[in-house]
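Single-structure report; data block below.
The values are calculated or read from the model by the stated rules, or taken from the named source; none is laboratory data. The structure presented is a predicted model; accordingly, all values stated were derived computationally and were not measured. Quick reminder, even Gly has a Cβ in these numbers, built from the backbone with ideal geometry, and neighbours come from all protein chains shown. With ligands, DNA and RNA removed, areas are computed over all heavy atoms of the protein, side chains included. Shrake-Rupley method; radii C 1.70, N 1.55, O 1.52, S 1.80 Å.
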Amino acid sequence: MHYSLRFEWLGMVFDISTILMILVTSLVVLLLCIGMTRNLTSATPSGAQNVMEWIVDFVTGITKSYITPKKAAGFVSLALTLFLYIFLGNQLGLVFNVNTAHHNSPDHQVSEKVKDMLTASTNEQMKQQKMAKLEEELNSTDPSSHGPVIGWWKSPTATPSVTFALAFIVLLYAHYLGIKKSFSGWLKHTFLNPIHILEEFIIKPLTLPLRLFGNIFAGEVLISFLLGVGIFGSIPLFLWLGYSVFVGSVQAFIFTTLAMVYLSQQVNEDH
């Protein structure tokens, strides 16, 4: 069973590996953008500038497909940030996995503090169940048992809290734009029709993040399984890694596209 170190603060539980990967992904996006744009030229562009220009043109095309051209320019930076963050975040878990296995032994005992962090939960009953399972794995005498495995490196988008946070930011911003444009129009669009209430407060907040999370999480679960198979899983693993790169790219495109669709519903004049 895979665990992660967590800590509780203000009644909420925070996953350290998820926080680490959020920061790593943000740093990778920042450094990549700086590296690809630091030598911009109006003459014949370099390879890095060509790639960056292609990405910007691609994202601009997505934005202008749904938001009127007059307003689309103001949303390109948001779309570009979403696309790069999700695309790179999706791929980070494919690069490599960093896991550590632990066992209790006469020379080494896992501390109570670490145990508490591995089983942190706001539900006391669930915490006790996790602790019982953890103790069983730590003290297992089965020679084939690896003990509890702590995950350190994964795609941040394989965590539901990250995908839900991204979706929440997009949807909250969309409602803000709708209210800013016309409060009465926003009320009519959002609350006048029961279907719109269902769409705005249930369907969109669930489908947008779960689609991304489900695809990336399932991919990483299968990769972990194939890694455990050994040499017999080498060819399937290689094929699946290639397919996962494709899936991660498509999911970044879908999330960015849907974000622009939801924003367009609030800012376009015909809505």
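Structure notes:
- Cα-based equivalent ellipsoid, the range 165-252: semi-axes from gyration tensor eigenvalues, Å: 42, 12, 9
- Rounded to the nearest 20, the size of the Cβ-charge dipole of the chain about its Cα centre is 860 debye, with Lys and Arg at +1 and Asp and Glu at -1.
- Amide H contacts for T119 (H built 1.01 Å from N in the peptide plane; partners 5 or more residues away or on another chain; cut-off under 5 Å): none found.
- Cross-link table K115/K204; K64/K154; K127/K204; K71/K154; K115/K154, entries beyond 27 Å C-alpha to C-alpha: K115/K204; K64/K154; K127/K204; K71/K154
- Per atom type, the range 53-141 shows carbon and sulfur on 58% of its accessible surface, probed at 1.4 Å.
- Taking the C-alpha atoms only, the angle from helix 124-138 to the longest principal axis of the chain is near 50 degrees.
- Looking at the chain, the accessible area is 57 square angstrom per residue; that uses a 1.4 Å probe and ignores ligands, DNA and RNA.
- Principal-axis analysis of the Cα atoms of the chain puts helix 160-181 at an angle of about 20° to the longest axis.
- I67 long-range amide H proximity, modeled H, under 5 Å: none
- Cα-only radius of gyration and Dmax that characterise the chain, units Å: 22.4, 72
- Taking the C-alpha atoms only, the angle from helix 76-95 to the longest principal axis of the chain is near 20 degrees.
- A 1.4 Å probe, protein heavy atoms only, puts the accessible area of S42 near 130 Å².
- Fully extending the segment from N50 to Q128 would add 22.6 nm, taking 0.36 nm per residue of separation and subtracting the current Cα-Cα distance.
- Per-residue 3J(HN,Hα) values for the range 196-207, derived from phi via the Karplus relation 6.51 cos²θ - 1.76 cosθ + 1.60 with θ = phi - 60°, read 5, 4, 4, 5, 6, 10, 10, 5, 4, x, 9, 6 Hz in sequence order (x marks Gly and Pro).
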